[in-house]
Amino acid sequence: MKYQMRNAKIYVQERADHRDIGRRMDWDWQGKDLRVKVLYSQKGIATQIWVATSTGYFLMDCGDGILRDLFPYSADWIHRLSAILLSHSHFDHVAGLFALLSFLRLRNRTASLVIASPDRSFLQEIRRFRDRMFAGFPYELDLRSIEESNPYQCAGFQIRSFAVPHSEHASFFGQAMPVLAAGYCLESAQGEIVLYSGDTGWFSGLSRYVRGVDLAILEATFDLPKGEGRHLTLEQAQQLGHLAKTTILVHR
Ligand SMILES: [Zn+2]
């Protein structure tokens with residue numbers, strides 16, 4: 001059958017121009033040594049938080065849409081991204097990771113990249129992905145399960161993680177299943193600290209980590225309490241936020 005084009009409406013999408021980048025990052029917070037932009041954060045969709053320093057970039061969580069979120073900005077992040085800090089392995093925090101790793105390969109990154117996660121089996125999945133998908137992976141993946149007692153130095157900054165309580169939605173398994181989850185503290189040599197809670201339920205030790213930090217990025221998922229150990233309520237996050245010098249609430 002001949003293809004009839006007459007009267008057809010044809011839409012041609014403008015091609016995204018990879019050179020048309022360089023929009024200025026409108027920072028959500030700027031300290032002396034660290035700057036923070038919440039690229040995107042919505043519960044059940046995606047969360048990705050960008051932290052810039054003079055020596056490298058850090059990405060806290062890597063949800064779906066990460067490439068579109070980063071694309072408008074200067075492309076130096078392709079080579080200067082130092083570490084990806086994953087709070088846990090729920091899809092809205094990791095779904096963009098494999099696209100990002102593939103994109104870095106496509107753009108000939110050569111520098112080693114740290115990926116931290118509290119979930120060793122997920123780190124193993126990343127290792128498998130690398131081995132299965134790419135015979136010649138041009139950059140090293142430095143996969144780390146960072147313990148609270150064993151902080152790690154990266155690009156001149158200290159990364160510490162701390163375990164937090166978090167669980168699956170109870171309806172999936174009939175009961176709430178705990179997942180391996182962590183929060184992170186990123187500290188400059190001058191002692192400036194950015195804390196990210198990841199997904200966490202309330203626990204009494206959380207205030208100890210938040211107190212006095214320069215910026216606390218806290219999840220505030222629920223408007224009202226919905227079961228222990230899954231997420232903070234807005235009220236709990238606001239209370240905690242008063243302990244930090246500045247607070248940004250995310251994952252709403
Ligand atoms: Zn989660």
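Remarks
- Gly96 being surrounded by fewer than 14 Cβ atoms within 10 Å (Cβ to Cβ) and touching a residue at least 24 places away in the same chain (Cβ under 8 Å): no
- The set of residues in the range 152-176 that are within 21 Å of Phe122 (Cβ to Cβ) and modelled with pLDDT of 90 or more comprises Tyr152, Cys154, Ile159, Arg160, Ser161, Phe162, Ala163, Val164, Pro165, His166.
- Matching option when the condition is under 19 Å from the mean Cα position of the chain (by Cα) and either away from the ligand (no atom under 16 Å from the Cβ) or of a type outside the set (Val, Ile, Thr) (or both), among Leu249, Leu206, Leu240: Leu249
- Count of residues meeting criterion [in contact with a Ser or Thr (Cβ under 6 Å, 6 or more places away or on another chain), farther than 30 Å from Gln190 by Cα and in contact (Cβ under 8 Å) with a residue 40 or more places away in the chain] in the range 213-252: 3
- Extreme residue, surrounded by the fewest Cβ atoms within 10 Å (Cβ to Cβ), among residues of the range 58-77 that are within 16 Å of the ligand (Cβ to nearest atom) and assigned to a loop (DSSP other than H, G, I, E, B): Asp64
- Of all residues in the range 31-56, those satisfying the criterion of being of a type outside the set (A, V, I, L, M) and without any contact (Cβ under 8 Å) to a residue 60 or more places away in the chain are Arg35, Lys37, Tyr40, Gly44, Gln48, Trp50, Ser54.
- Per this entry, Thr233 is not counted among residues that are over 22 Å from Tyr57 (Cα atoms) and surrounded by 19 or more Cβ atoms within 10 Å (Cβ to Cβ).
- Any hit, the range 177-187, residues being at pLDDT 95 or above, away from the ligand (no atom under 16 Å from the Cβ) and among the aromatic types (Phe, Trp, Tyr): no
- Look at (1) touching a residue at least 60 places away in the same chain (Cβ under 8 Å); (2) surrounded by fewer than 19 Cβ atoms within 10 Å (Cβ to Cβ); (3) under 25 Å from Ser145 (Cβ atoms) and you find that Phe91 fails only one, number (1).
The values are calculated or read from the model by the stated rules, or taken from the named source; none is laboratory data. Everything numeric in this text was worked out from a predicted model, so none of it was measured. As a convention, Cβ positions derive from the backbone with ideal geometry for all residues, glycine included, and neighbour counts pool all protein chains shown.
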